[in-house]
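Comments concern the structure below.
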Amino acid sequence: MDKLTEDTYRVRFALPRNSQLGLRPGQHLILRGKVDDLEIQRAYTPISPANAEGYFEVLIKCYETGLMSRYVKSWSTGDTTFWRGPFGDFFYKPNQHGELLMLASGTGLAPMVPVLQSITDNAEDETFVTLVGCFKTFEGIYLKTFLQEQARFWNVRTFFVLSQENSLEKLPWSYREKTRFGRLAQDLIEELVSSCRRKPFALVCGSAEFTKDMARCLLCAGLAEDSYFLF
Ligand SMILES: Cc1cc2nc3c(=O)[nH]c(=O)nc-3n(C[C@H](O)[C@H](O)[C@H](O)COP(=O)(O)OP(=O)(O)OC[C@H]3O[C@@H](n4cnc5c(N)ncnc54)[C@H](O)[C@@H]3O)c2cc1C
């Protein structure tokens with residue numbers, strides 16, 4: 001278990017017999033847990049490549065009053081966990097869309113990670129990607145190294161929207177041009193949509209409120225209802 005931020009962990013699970021999960025990028029699993037004799041189930045989205053052998057990884061944000069969060073915090077290395085799946089009906093096909101506009105808030109980044117990786121791992125997939133990650137603070141941005149590496153590919157660009165920062169000078173140079181402050185709202189969505197190099201298909205993942213807001217903004221920016229997918 002790797003602590004990424006104050007409340008979020010990247011957790012690696014070994015799979016039996018060096019097997020593969022067999023998930024499609026962006027699909028999720030259901031984790032079973034037990035707290036105070038109460039059985040609970042919650043969804044988590046693997047961030048490891050879909051074809052990773054012998055393991056998978058998830059990003060888990062723990063909430064103070066969360067039940068599964070309590071169970072997760074009780075884990076030690078070597079514990080066994082129970083998962084079922086796959087679930088989710090987003091099926092990515094290489095080159096199906098000219099450009100993917102990924103709008104992610106917090107752990108909503110998770111389904112974007114394997115989709116993005118499947119694009120950059122496949123030299124024949126020429127889909128453009130614009131990924132926008134919304135976080136509270138710079139420290140709170142997940143998987144910075146991975147995202148910086150991905151942004152070096154010719155077809156990928158990344159942006160960040162930080163709701164609790166307000167000084168560009170406090171950010172590393174490499175983030176200044178691609179970071180905005182405040183909330184991701186209509187004006188920025190319109191700017192992003194119009195700066196897409198090809199007709200965008202949007203992927204949205206975050207809280208229910210974020211998802212609803214983004215769907216409204218995308219429609220106002222001229223996208224059709226079949227031009228976005230809400231995780
Ligand atoms: C399809 C899908 C995929 C998901 N993938 C991931 C993933 O990859 N990583 C991940 O960390 N989570 C993911 N989630 C969310 C996850 O399933 C749980 O809802 C989350 O971990 C909280 O569970 P809990 O039992 O700890 O909290 P609960 O016991 O369900 O909630 C208790 C309290 O925790 C707080 N809380 C719980 N969830 C939220 C929230 N989203 N925002 C603010 N406060 C909250 C609230 O105060 C709430 O009252 C996904 C959810 C779905 C539906």
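Where does helix 186-195 land angle-wise versus the long Cα axis of the chain, in degrees 0 to 90, nearest 10?
70 degrees
Run the simple label-point estimate for Arg84 and Phe181 please: 7 Å along Cα→C-beta, distance reported in nm.
Roughly 4.8 nm, to one decimal.
Roughly how many percent of the accessible protein surface of the chain is carbon and sulfur, given a 1.4 Å probe and a whole-percent answer?
Of the solvent-accessible surface of the chain, carbon and sulfur hold 47 percent.
Evaluate the relative contact order of the range 99-230 (contact order divided by residue number), counting alpha-carbon pairs under 8 angstrom at least 6 apart; express in whole percent.
Relative contact order of the range 99-230: 30 percent.
How much length is gained if the chain between Val35 and Arg198 is pulled fully straight, taking 0.36 nm per residue apart and subtracting their Cα-Cα distance, in nm to one decimal?
Full extension of this stretch gives 53.9 nm more.
Quick one: which residues, 5+ away or cross-chain, put their amide H under 5 Å from the amide H of Thr127? H built at 1.01 Å from N.
Asn95
Taking 0.36 nm per residue of separation and subtracting the Cα-Cα distance, what length does fully extending Glu190 through Arg216 add?
8.2 nm
Determine the percent antiparallel among the DSSP beta bridges restricted to the chain, to the nearest 5.
Counting only bridges with both partners in the chain, antiparallel ones make up about 45 percent.
Over the range 2-87, what is the mean sequence separation of C-alpha contacts under 8 Å (at least six apart), divided by residue count, expressed as relative contact order in percent?
36 percent
What is the sum of charges around Arg12, taking Lys and Arg as +1, Asp and Glu as -1, for the other residues whose C-beta is under 15 Å from the C-beta of Arg12?
Once positives and negatives cancel, what remains is -2.
Express the relative contact order of the chain as a whole percentage, based on alpha carbon pairs under 8 Å and six or more residues apart in sequence.
Relative contact order here is 18 percent.
Would you tally the net charge around Leu218, using a Cβ to Cβ cut-off of less than 14 Å, leaving Leu218 out, and scoring K and R as +1, D and E as -1?
-4
Using only Cα atoms, tell me the angle between helix 208-220 and the longest principal axis of the chain; keep it within 0 to 90° and round to the nearest 10.
The helix 208-220 is inclined about 20 degrees to the chain.
Output wanted: per-residue J couplings in Hz (rounded whole) for the range 152-168, from phi through Karplus 6.51 cos²θ - 1.76 cosθ + 1.60, θ = phi - 60°, x for Gly and Pro.
7, 5, 4, 9, 10, 9, 10, 9, 10, 10, 10, 8, 10, 10, 8, 10, 4
Please calculate how many Å² of accessible area the range 99-230 carries per residue, with a 1.4 Å probe and no DNA, RNA or ligand atoms counted.
For the range 99-230, the per-residue accessible area is 47 Å².
Just the accessible area per residue of the range 2-87, please: how many Å² with a 1.4 Å probe?
Here the residues of the range 2-87 average 60 Å² of exposed surface.
Using the Cα gyration tensor of the range 38-176, with a ≥ b ≥ c the square roots of its eigenvalues, what is the shape: rounded (a/c below 1.5), prolate (a/b larger than b/c) or oblate (neither)?
oblate
Sort 212-221, 44-53 for me by packing, meaning the mean count of neighbouring Cβ atoms within 10 Å per residue, highest on top.
44-53, 212-221
What ³J(HN,Hα) values, in whole Hz, does the Karplus curve 6.51 cos²θ - 1.76 cosθ + 1.60 give for the range 89-106 when θ = phi - 60°, with x put for Gly and Pro?
Result, rounded to whole Hz: 10, 9, 10, 7, 10, x, 6, 6, 10, x, 9, 9, 9, 9, 10, 10, 10, x.
The values are calculated or read from the model by the stated rules, or taken from the named source; none is laboratory data. Worth saying up front: this structure is predicted, and the values here are computed from it rather than measured. Don't worry about glycine lacking a Cβ; one is built from the backbone with ideal geometry, like all the others, and counts go over all protein chains shown. Heavy atoms of the whole protein, side chains included, go into the accessibility calculation; ligands, DNA and RNA do not. Shrake-Rupley method; radii C 1.70, N 1.55, O 1.52, S 1.80 Å.
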